[in-house]
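The values are calculated or read from the model by the stated rules, or taken from the named source; none is laboratory data. Every value quoted in this text rests on a predicted model; they were computed, and no experiment measured them. We place every Cβ from the backbone using ideal geometry, glycine too, and count neighbours over all the protein chains shown.
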Amino acid sequence: MNATLKIALAQVDTLVGDVEGNAERIRDWALKARDELGADLVLFPELAITGYPPEDLLLRASLHARTQRALHALAPQVRGIDVILGAPMGDGRGLHNSALLLRDGLVAARYDKQVLPNYSVFDERRYFVPGHDACVIRVRGMPVALTVCEDIWQPEPVARARDAGASLILNINASPYHRGKHDERLQALQARVRECGLAVVYLNTVGSQDELVFDGQSLVVGRDGQICQRLPAWRESLSLARVAIPGQDAPLEPLPGDLAPEHGEAEELYEALVMGVRDYVRKNGFHGVVLGLSGGIDSALTLCIAVDALGADQVEAVMMPYRYTGSISVEDARAQAGTLGVRYREIPIGPMVESFLSSLAGEFEGLPADTTEENIQARCRGIILMAISNKTGRMLLTTGNKSEMAVGYSTLYGDMAGGFAPLKDVAKLWVYRLAEYRNGVSPAIPARVIERPPSAELAPGQRDVDSLPPYEILDPILERFVEQDQSVEEIVRAGFEEETVRRVALMVLRNEYKRRQAPPGVRVTRRAFGKDRRFPITSGYGRLLS
């Protein structure tokens, strides 16, 4: 029988800042890998001991003291198996994003991440200094190299490991999800394999941290670039990878293992939103969620996500009709709430709106009605929902999508009020795709909600296209302007009408102040509003567009 090296992949969901709790989870999973799987080595994700990303917690000396105490206590508890985990480690040069080997009760080896990303949502140069040296350890006599996340995206760290005598690359990660990320990772791994001729064991974290979601989908890629093993998406998993030991320090070759199924694009995106809501609510200690259910597609999809994330008993939906609310909206809201089995209330806002308008009659005298009156409706709804949230401890979910947030088609302190925005990075056309996908899983959203022209129902006969270009035009322009940083001229050359492009671009630039006051939401694209895109509020950049 050929000898094999048994490597356990602990695709675990940690909590940022919960050093002691994370250490306990690492201990429990390591012992399970040792006792139940018979593993020689177990991998845990990047910065597993602190959770990822710890951000400015890394500037607190108390975090590092807690980390050192936790590592000192953990190492003797996991004897009998080699443990690789991520932790921040300091020395005379500064703080490093490190991979540690725990062996025989001690920290037996340390590798410092060499490539520190400083783009998109990553800000690692704010906290860490890079390492320079390869770290090759021997497991059952076999030389294997430690690397951390971004190191696998660049050729130099892997080349150093190969030149140091490695026969296999171990890579621990906290790699956040966006649409298409799994394919990007695989391409990067295959490129490194081609360059160095070594197989790669790639361990990713899973779970959610504020806006970021981590999809797991850890991989083992053989020397031929083919996937030997893939762990599931969107759930914790402990899986054993077997690597054939050829002897004579020849490159190690992973054996075929389980391949978790790949998801379609809509399913993967939907599960990302579910994961984001579930972890945000539970990790922050809320007692479920409440949301406004308008009879429109955005709130309908948000309700589905909330139920799938938390269970129907943890979700409350409130319909708040006014004189402009169509009977079809009320009927569809009732129908969906009944289908999904959530707590449902109808609270008319007419008396509140009329009271506000009466109080403001003197101030508004002689002035024509405009969006001010529409915003009062939205803000009355926000007051009701926030009151329910405060009284019940249920967090308020906002229901706006990325298209609306981009152009400011939303009301501050009204429909923007809340603690978390599941659809914040989901364009309107994707909302429709996800609604169709969710209905394909089980009946959830009334067909009329999907088929009706979208409307805020804040004025008689109002439709979104009265204020915005059709979403079939708006969304592609926004993708180019916001996510791809294309100029107005580039977008026009792609075939869009110049006046429309200028109008949309100006709306995006003028509404940065609103987005700064919006709740966080799940990041699912390459360029979400928030950490990804840091535009000034006060700026003359858009003057040439007006």
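Restricting attention to segment 143-159, the residues that are crowded, with 20+ Cβ neighbours inside 10 Å and not β-branched (V, I, T) total 6. If F356 satisfies every condition in (1) in contact with a strand residue (DSSP E or B) (Cβ under 7 Å, 6 or more places away or on another chain); (2) part of a helix (DSSP H, G or I) but one, which is the exception? For F356, the exception is condition (1). Checking the stated criteria, T4 turns out to be closer than 27 Å to A199 by Cβ, at pLDDT below 95 and buried (at least 16 other Cβ atoms within 10 Å of the Cβ). Among the residues of segment 95-114, the one identified as surrounded by fewer than 19 Cβ atoms within 10 Å (Cβ to Cβ) and either of a type in the set (F, W, Y) or within 30 Å of R526 (Cα to Cα) (or both) is L95. Scanning segment 363-413 for residues that are over 23 Å from C304 (Cβ atoms), in a loop (DSSP other than H, G, I, E, B) and either without any contact (Cβ under 8 Å) to a residue 40 or more places away in the chain or not small (G, A, S) (or both) gives E365, G366, L367, P368, A369, D370, T411, L412, Y413.
All of R185, R179, R162 fail the test of being of a type in the set (K, R), without any contact (Cβ under 8 Å) to a residue 60 or more places away in the chain and within 30 Å of R527 (Cβ to Cβ), apart from R185.
In segment 378-385 there is at least one residue that is closer than 25 Å to M275 by Cβ and either modelled with pLDDT of 95 or more or under 27 Å from the mean Cα position of the chain (by Cα) (or both). Among the residues of segment 509-546, what is the count of those that are of a type in the set (D, E, K, R) and in a loop (DSSP other than H, G, I, E, B)? Total meeting the criteria: 6.
There is no residue in segment 179-195 that is part of a strand (DSSP E or B) and in the same structural domain as E46 (by TED's automatic domain parsing).
Per the listing G276, G225, the residue uniquely within 25 Å of H182 (Cα to Cα), small (G, A, S) and in a helix (DSSP H, G or I) is G276. Among the residues making up segment 1-41, those that are of a type in the set (D, E, K, R), in contact (Cβ under 8 Å) with a residue 12 or more places away in the chain and either in contact with a Phe, Trp or Tyr (Cβ under 8 Å, 6 or more places away or on another chain) or in a loop (DSSP other than H, G, I, E, B) (or both) are D13, D18, D40.
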